Amino acid sequence: MLNEVYYVKSLEEDFSTKTLKGTQKVNFQTVQDMIKTGVIKPNTKSFGREMRLAGTIINKNYLKTYRPHGIIFQTNEQPDCILPFDLVLLSATDDIIVHYYRIKNNLHVYYNHSLIPGFEKFIFKDFNKMIKEIPSPEVAWKEVNEFRMKNGYKKLPTSKYRLVEYNEVIFNRPIKVKPVALYGYRKETRKLAHEIGLPSYVSAKLFYNRWETHK
C-alpha cells in the first residue's frame with residue numbers, strides 16, 4: 001500500500017530526463033515511458049557520486065521544485081538519501097550557478113566538482129528526521145552557509161537562495177512509481193496530461209494545497 005508521500009521529478013520542457021554522454025547532453029527517458037513502464041530511471045552522474053535519480057518530496061515547508069514542470073508520483077521504495085537543499089550547495093567551489101539554462105551546455109564541467117569534506121552531515125535517510133533537524137529553507141540556508149564558510153568558502157549571496165527552497169531526494173536505482181499528475185504552467189502540459197490520462201496542475205504547490213484541503 002502506498003504511503004501518503006508525494007514526490008516530484010522535475011523534467012525539461014519536452015517532459016523528458018537527460019543524461020550526459022561524454023560532454024553532450026542527450027535524451028534519456030520520456031514521461032510517456034515513465035507512465036508506460038511505471039519506472040523512473042537514474043539519469044544524473046555528478047560530483048563523483050554514483051548514477052542517481054534526484055527528485056523532491058513536496059511538503060508544507062518545501063513547495064518549490066527544481067524546474068517549473070515535471071511529474072508528481074508516489075512510490076513504496078525508500079530513498080537512498082535526502083538533503084534539505086540542492087546537492088550543488090555542497091560542491092567545493094564558489095562558482096555555483098542557480099539557473100540550469102546557464103550551464104546546460106557545460107554540464108560536464110559544472111558537475112565535475114568534488115564535494116566539501118564533511119558534507120555527510122547534511123545527508124539523511126529519513127525525511128521526518130531531516131525536517132525535525134532542519135525544518136525549513138531558512139534554517140537550511142543558515143546551516144549550509146556556516147558549513148561552507150567554516151571550510152573556507154564565501155558566504156552564499158541571496159541570489160543562490162532558490163537552491164534551498166526545495167529538498168533533494170536521491171535514489172541510486174530505478175524505482176517503481178505510481179504516476180499521480182503532471183505539473184507546469186505551459187498549455188502544452190495540459191495537452192500532454194490529457195493525452196496520457198493524468199490530471200495537470202500549474203505547479204506542484206497548487207497540487208499539494210489541493211491535496212491537503214481534500215485529504
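Relative to the longest principal axis of the Cα atoms of the chain, the long axis of helix 137-150 makes an angle of roughly 30 degrees.
Here the spin labels are modelled as points 7 Å beyond Cα on the Cα-Cβ line, and at residue 187 and residue 13 they lie 1.6 nm apart.
Listed from fewest to most Cβ neighbours within 10 Å, the set 34, 51 follows the order 51, 34.
In plain terms, the chain from residue 206 to residue 27 could stretch by 61.6 nm, reckoned as 0.36 nm per residue minus the Cα-Cα distance.
Between the helical axis of 187-196 and the longest alpha-carbon principal axis of the chain there is an angle of about 60 degrees. Pop the C-beta distance of residue 194 and residue 173 into the FRET formula with R0 = 30 Å and round what comes out to the nearest 0.05. That gives a FRET efficiency of 0.45. Would any residue of the stretch 70-91 have its amide N under 15 Å from a label point 7 Å out along Cα→Cβ of residue 125? List them or say none. Counting backbone N atoms under 15 Å from the label point, the list is 78-83. Across the chain the C-alpha pair distances fall into 5 Å bins from zero in the proportions 1, 7, 15, 20, 21, 18, 11, 6, 2, 0, 0 percent.
Taking Cα atoms, how many degrees apart are the long axis of helix 204-214 and the longest axis of the chain, rounded to 10 and kept between 0 and 90? That helix lies at roughly 60 degrees to the long axis. Computed on the stretch 7-214, with alpha-carbon pairs under 8 angstrom and 6+ residues apart, the relative contact order is 31 percent. Please give every one of the aspartates and glutamates within straight-line cross-link reach of residue 155, meaning a C-alpha to C-alpha distance under 14 Å, and leave out same-chain neighbours fewer than 8 residues apart. Leaving aside aspartates and glutamates fewer than 8 places away in the same chain, those within reach of residue 155 are 94, 95, 143, 146.
Readers should treat all values here as calculations from the given coordinates under stated rules, not as data from a laboratory. Computed from a predicted structure; not experimentally measured. Here Cβ is always computed from backbone atoms with ideal geometry, including for glycine, and neighbour counts include all displayed protein chains.
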